[in-house]
Amino acid sequence: MSRQELLSPEGLRVDGRRANELRRISCRASVLNSADGSSYYEQGNTKVLVAVYGPREPRSKSLAHHDQATINVEFNVAPFSTSERRKRSKGDKRLLEVASFVKQTFEGAIQTTVYPRSQIDIYIHLLQHDGGTLETCINAATLALVDAGISMVDYVCACTAGFIDETPVLDLNFVEESSIETPDLTVAVLPRSGNIALLQM
């Protein structure tokens, strides 16, 4: 798909949004009774379910830190989430990469020293994929952590940005992300301090 198709002469994108316009956001907390905290989060057609368990005793004593909590993140993609129907293994590189970025983001946001010798588990399930997966996972995880009552220095807010035909755009969808001509960047920030929790290209 060419750049001209991604951005019309009127400045509209393929889904009708302006360059600086976010997709519609819809979210709910406490959607799972069995979890300590949970959230369902939609950003456009990207839909994510997050469950948080903990702080609780670590599964293995070797994982425990005497002065802080250990954060564990698992990211899974539903086989029906994309048009390509395939089951992904737990060792899938892309799944591990997203989990690693989410963990890295929250290691600086969660007050882990409040929960020594414990573990906080964040389970993320991508139900439908339409771009902006990492930003949606981070925003959904923030809501689930708040719902679980986990002590944090600040909320984490994330968004993607990119360039289409030298025009900066926010919150890229799948078509925009898939274009090799569209460079993109995901930024997660702590709003009160303005500190950047994650910067991923």
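Residue pairs whose Cβ atoms lie under 7 Å apart, separated by 6 or more positions or on different chains, with the first residue in segment 177-188 and closer than 12 Å to ASP165 by Cα and the second open to solvent by 70 Å² or more (accessible area, probe 1.4 Å), are SER179/MET1; GLU181/ARG3; THR182/PHE163; PRO183/PHE163. Scanning segment 100-121 for residues that are of a type in the set (Asp, Glu) and either without any contact (Cβ under 8 Å) to a residue 60 or more places away in the chain or touching a Ser or Thr at 6+ places or on another chain (Cβ under 7 Å) (or both) returns a single hit, GLU107. Among the residues of segment 122-141, is any part of a loop (DSSP other than H, G, I, E, B), open to solvent by less than 50 Å² (accessible area, probe 1.4 Å), modelled with pLDDT under 95 and among the hydroxyl-bearing types (Ser, Thr, Tyr)? Scanning segment 122-141, I find no residue that is part of a loop (DSSP other than H, G, I, E, B), open to solvent by less than 50 Å² (accessible area, probe 1.4 Å), modelled with pLDDT under 95 and among the hydroxyl-bearing types (Ser, Thr, Tyr), so the answer is no.
Condition test on ARG94, is it among the charged types (D, E, K, R), modelled with pLDDT under 90 and more than 18 Å from the chain's Cα centre (by Cα)? Taking the combined requirement at face value, the residue does not satisfy it. Note on segment 152-181: residues that are open to solvent by 30 Å² or more (accessible area, probe 1.4 Å), among the acidic types (Asp, Glu) and either at pLDDT 95 or above or more than 30 Å from ILE110 (Cα to Cα) (or both) amount to 3. If the condition is being open to solvent by 70 Å² or more (accessible area, probe 1.4 Å) and within 17 Å of CYS157 (Cβ to Cβ), then segment 97-116 contributes GLN104, GLU107. Filter segment 47-69 for residues that are basic (Lys, Arg) and assigned to a strand (DSSP E or B); which is most open to solvent (accessible area, probe 1.4 Å)? For segment 47-69, the residue satisfying everything is ARG56. For beta carbons closer than 7 Å, sequence separation of 6+ or different chains, a first residue in segment 70-83 that is within 19 Å of GLN104 (Cβ to Cβ) and a second that is among the charged types (D, E, K, R), the qualifying pairs are ILE71/LYS103; ILE71/GLU107; ASN72/ASP121; VAL73/LYS103. Quick check on segment 143-151. Is at least one of its residues hydrophobic (A, V, I, L, M, F, W, C), surrounded by fewer than 22 Cβ atoms within 10 Å (Cβ to Cβ), under 17 Å from the mean Cα position of the chain (by Cα) and not in a helix (DSSP H, G or I)? Within segment 143-151 (the criterion being hydrophobic (A, V, I, L, M, F, W, C), surrounded by fewer than 22 Cβ atoms within 10 Å (Cβ to Cβ), under 17 Å from the mean Cα position of the chain (by Cα) and not in a helix (DSSP H, G or I)), the answer is no, since none of the residues qualifies. For segment 1-14, the tally of residues that are open to solvent by 70 Å² or more (accessible area, probe 1.4 Å), in contact (Cβ under 8 Å) with a residue 40 or more places away in the chain and of a type in the set (D, E, K, R) stands at 1. Return the residues of segment 29-46 that are over 17 Å from LEU145 (Cβ atoms), in contact (Cβ under 8 Å) with a residue 60 or more places away in the chain and either outside any strand (DSSP E or B) or small (Gly, Ala, Ser) (or both); say none if nothing qualifies. Once the filter is applied, which keeps residues that are over 17 Å from LEU145 (Cβ atoms), in contact (Cβ under 8 Å) with a residue 60 or more places away in the chain and either outside any strand (DSSP E or B) or small (Gly, Ala, Ser) (or both), segment 29-46 yields GLY44, ASN45.
Of all residues in segment 48-71, those being more than 21 Å from GLY162 (Cβ to Cβ) and at pLDDT 95 or above number 5. Just to be sure I understand, how many residues within segment 70-84 are assigned to a loop (DSSP other than H, G, I, E, B), open to solvent by less than 30 Å² (accessible area, probe 1.4 Å) and not hydroxyl-bearing (Ser, Thr, Tyr)? Adding up the residues that qualify gives 1. Summed over segment 170-195, residues that are part of a strand (DSSP E or B) and in contact with a Leu (Cβ under 8 Å, 6 or more places away or on another chain) total 6.
The values are calculated or read from the model by the stated rules, or taken from the named source; none is laboratory data. Note that the structure is predicted; figures quoted are calculated from it, not measured. Neighbour counts run over all protein chains shown; Cβ positions are idealised from the backbone, glycine included. SASA here: full protein model, heavy atoms, side chains in, ligands and nucleic acids out. Shrake-Rupley method; radii C 1.70, N 1.55, O 1.52, S 1.80 Å.
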